[in-house]
Amino acid sequence: MKETPLSNCERRFLLRAIEEKKRLDGRQTYDYRNIRISFGTDYGCCIVELGKTRVLGQVSCELVSPKLNRATEGILFFNLELSQMAAPAFEPGRHSDLLVKLNRLLERCLRNSKCIDTESLCVVAGEKVWQIRVDLHLLNHDGNIIDAASIAAIVALCHFRRPDVSVQGDEVTLYTPEERDPVPLSIHHMPICVSFAFFQQGTYLLVDPNEREERVMDGLLVIAMNKHREICTIQSSGGIMLLKDQVLRCSKIAGVKVAEITELILKALENDQKVRKEGGKFGFAESIANQRITAFKMEKAPIDTSDVEEKAEEIIAEAEPPSEVVSTPVLWTPGTAQIGEGVENSWGDLEDSEKEDDEGGGDEAIILDSIKMDTGVEVSDIGSQDAPIILSDSEEEEMIILEPDKNPKKIRTQTTSAKQEKAPSKKPVKRRKKKRAAN
């Protein structure tokens, strides 16, 4: 496990807060974080949340051959997994020292304390026994893994139901849940771990340390105890020297916390069993709060619309009347206008290219007007003459200008193409004289 070390400033800040009996999450010195227990659809599956630390517990069973030295006892197996999903510092596929220490502590807390009657797991002495496997997966790491894992393990074991069996001679019959009701495990007591963190060589003490507090602590004391105040196991790590009075003080605090947690576990198990008997909805999906964004559904609330019109009239009556000021339109360019008072709008201004096109069009109009003034005849009167008109496929247009004393002549004016119209510079219109067409 490779953790990013805290800076000296962060370390001093945390230690200073602990000296002043203040914690980052607002708890007091001996306060536990909130515990939330939710069950899955299958028996033996649960999720325990200790603050932001979350552990998934799953219990499974199978018939196996017993051990040679314990022919009439079942087998208990515990496995805790630390994945990178819980924290980036955890290395996948490698058993770190932390993982080995946690697994051994769980075995001493649950298996060596004889909390489960292993002799009741025997089916045929020396041949068939039940092997109970408890898999614990850390989903999110925010400190105090061992407490959350111990609670998840004992809750999953209490919630688990194994299939019923019958023995006739050498034949062992295994029944499905539809044929016979599953059988719960025989549990004598519920040991729960409580962790204590020591700072400044045992001067300061905190219960249920979070992840940042664990990184600056000098030592850790874990006490596993049941509600009868029987110590199942105790472990101290960190290399600090503790006095007898400190250990006795911690054991008294642990007795109070274990009693509260045990009552919470029994209440959660009772509620789940009640819901299953009544045929209600249960499982992880139903345990999600409906007020969250990730909720699957939300109950529809009825809306009373009987007095909507009255409320609307009251709102309109109380509202201020609209202003009677009418804005006058301001014409900037032909075809555009600005209404209202405010900053001048440049939307109606023409672009440079449009201005040049307009100027080019004006030049053409001036040239055509000069042609009319020179000839003295309008262009629209050309079609009324008897002189033949020669048509051409070129882009040039032919115009006939009539003169009073002379024969009509043909003048060809060159029209600008589409590309020339878009160009900024305009060429003057060229005039050519063509020979008079033969009669």
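Of note:
- For the pair residue 201 and residue 168 in one chain, pulling the backbone fully straight at 0.36 nm per residue adds 5.6 nm over the alpha carbon distance.
- Using a simple spin-label model with pseudo-atoms 7 Å out from Cα toward Cβ, residue 300 and residue 186 lie 5.4 nm apart.
- At R0 = 45 Å, FRET efficiency that the Cβ-Cβ distance of residue 264 and residue 95 yields, to 0.05: 0.90
- Across 9, 61, 193, the residue with the most accessible area heads the list, and the full order at a 1.4 Å probe is 9, 61, 193.
- Qualifying GluC sites (Glu not before Pro) in segment 189-262, where qualification requires a DSSP coil assignment and no more than 14 other C-beta atoms within 10 Å, comprise 230.
- Pairs of Cα atoms nearer than 8 Å and 6+ residues apart set the relative contact order; for segment 203-261 it is 31 percent.
- Residue 127/residue 42 FRET efficiency (R0 22 Å; Cβ-Cβ; nearest 0.05): 0.20
- Each residue of segment 243-255 is assigned a 3J(HN,Hα), and the resulting list reads 7, 5, 5, 5, 5, 5, 5, 5, 5, 5, 5, 4, x Hz, derived from the Karplus form 6.51 cos²θ - 1.76 cosθ + 1.60 (θ = phi - 60°), x at Gly and Pro.
- Cα-projected label distance for residue 319 with residue 85, points at 7 Å along beta-carbon direction, nm: 5.3 nm
- Accessible area (Å², per residue) of segment 24-282, counting only protein heavy atoms and a probe of 1.4 Å: 49 Å²
- Taking 0.36 nm per residue of separation and subtracting the Cα-Cα distance, full extension of the segment from residue 248 to residue 31 would add 76.3 nm.
- For segment 86-222, with all protein chains in place and a probe radius of 1.4 Å, 44% of the accessible heavy-atom surface sits on carbon or sulfur.
- Computed label-point distance, nm, for sites residue 77 and residue 175 using a 7 Å Cα→Cβ extension: 2.7 nm
- Inter-part distance where segment 4-47 and segment 140-203 are each reduced to a Cα centre, Å: 24 Å
- Gyration tensor verdict on segment 24-282 (Cα atoms; rounded if a/c is under 1.5, prolate if a/b is larger than b/c, oblate otherwise): prolate
- Sites residue 68 and residue 231 - FRET efficiency at Förster radius 22 Å, r taken between beta-carbons, to 0.05: 0.10
- Note, ³J(HN,Hα) from phi for segment 31-46, Karplus 6.51, -1.76, 1.60, rounded to Hz, x at Gly and Pro: 8, 8, 6, 5, 10, 10, 10, 9, 10, x, 6, 8, 5, x, 10, 8
- For the peptides 21-33, 103-115, 78-90, residues were scored by their other Cβ atoms within 10 Å and the scores averaged per peptide; the highest-first order is 103-115, 78-90, 21-33.
- Taking the inverse of the mean reciprocal distance over all distinct Cα pairs, the Kirkwood hydrodynamic radius of segment 5-109 comes to 18.0 Å.
- Over segment 156-277: Kirkwood hydrodynamic radius from C-alpha pairwise inverse distances, Å: 17.5 Å
The values are calculated or read from the model by the stated rules, or taken from the named source; none is laboratory data. Since the model is a prediction, treat every value here as computed from it, not as a measurement. Note that each Cβ is placed from the backbone with ideal geometry, even for glycine, and that neighbours are counted across all protein chains shown. The accessibility values were calculated without ligands, DNA or RNA, using every heavy atom of the protein model including side chains. Shrake-Rupley method; radii C 1.70, N 1.55, O 1.52, S 1.80 Å.
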